[in-house]
Amino acid sequence: VKHAAEQYSIYLTTEEAEELLIAWKETFPELVAYFDLAAANKEQTVEIHKTQRYRYFNTFTQAANTHFQGLAADIMKLAWIRITEGSYHDTTSPLYGCRPILPIHDEAIVEVPEARAEECLAAIAATMSTASHDILEGLTIPTDGKVMKVWSK
């Protein structure tokens with residue numbers, strides 16, 4: 001009740017909050033089980049699926065987030081490595097001559113020649129999708145992007 005009021009300016013009675021919690025648990029029973037597992041698994045080190053990277057977590061939020069955010073981070077790291085290799089080392093890559101600037105969560109900021117912007121965008125998107133396919137063992141996450149002269153959300 002306090003969090004809803006302070007963070008979202010939503011004012012609930014305790015009874016209303018309890019009703020919402022019951023409705024949420026009935027709607028998403030798999031998440032109840034997942035959060036119970038996360039609560040029981042604090043203070044542990046886990047291996048992130050597929051990448052063999054280990055992460056220690058000591059809070060409930062870290063335990064609940066690790067298996068999702070960890071995979072997303074590993075996908076982005078692999079994509080970034082491949083974008084960088086294409087930009088600097090693979091002379092046959094459409095990205096050769098581009099300049100990777102910054103990976104931000106699930107975004108790859110890459111400086112590309114204006115004349116090749118659309119071709120480079122397609123190559124970056126394909127690289128990111130391929131990285132998801134490789135990390136997630138066959139599941140490909142579709143990607144899109146934008147050509148911009150100035151980075152902006």
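The values are calculated or read from the model by the stated rules, or taken from the named source; none is laboratory data. Note that the structure is predicted; figures quoted are calculated from it, not measured. All Cβ positions, glycine included, derive from the backbone under ideal geometry; neighbour counts span all protein chains shown. For accessibility, only protein heavy atoms count, side chains too; no ligands or nucleic acids. Shrake-Rupley method; radii C 1.70, N 1.55, O 1.52, S 1.80 Å.
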Output the qualifying pairs, or none if there are none: Cβ atoms under 6 angstrom, residues six or more apart or on different chains, first residue in region 52-78 and on the phi < 0 side of the Ramachandran plot, second residue among the polar types (S, T, N, Q) and assigned to a helix (DSSP H, G or I).
55/66; 57/66; 75/132
Identify all residues within region 14-43 that are open to solvent by 60 Å² or more (accessible area, probe 1.4 Å) and modelled with pLDDT under 80; write none if there are none.
42, 43
Could you tell me whether region 46-58 includes any residue that is farther than 21 Å from residue 103 by Cβ and in contact with a His (Cβ under 8 Å, 6 or more places away or on another chain)?
yes
Determine the pairs where a residue that is open to solvent by 60 Å² or more (accessible area, probe 1.4 Å), located within region 121-137, has a partner that is among the small types (Gly, Ala, Ser) and assigned to a helix (DSSP H, G or I) with Cβ atoms under 8 Å apart, the partner being 6 or more residues away or on another chain.
130/79
Subset tally (residues that are closer than 27 Å to residue 138 by Cα, open to solvent by 40 Å² or more (accessible area, probe 1.4 Å), of a type in the set (Ser, Thr, Tyr) and at pLDDT 90 or above) for region 54-95:
2
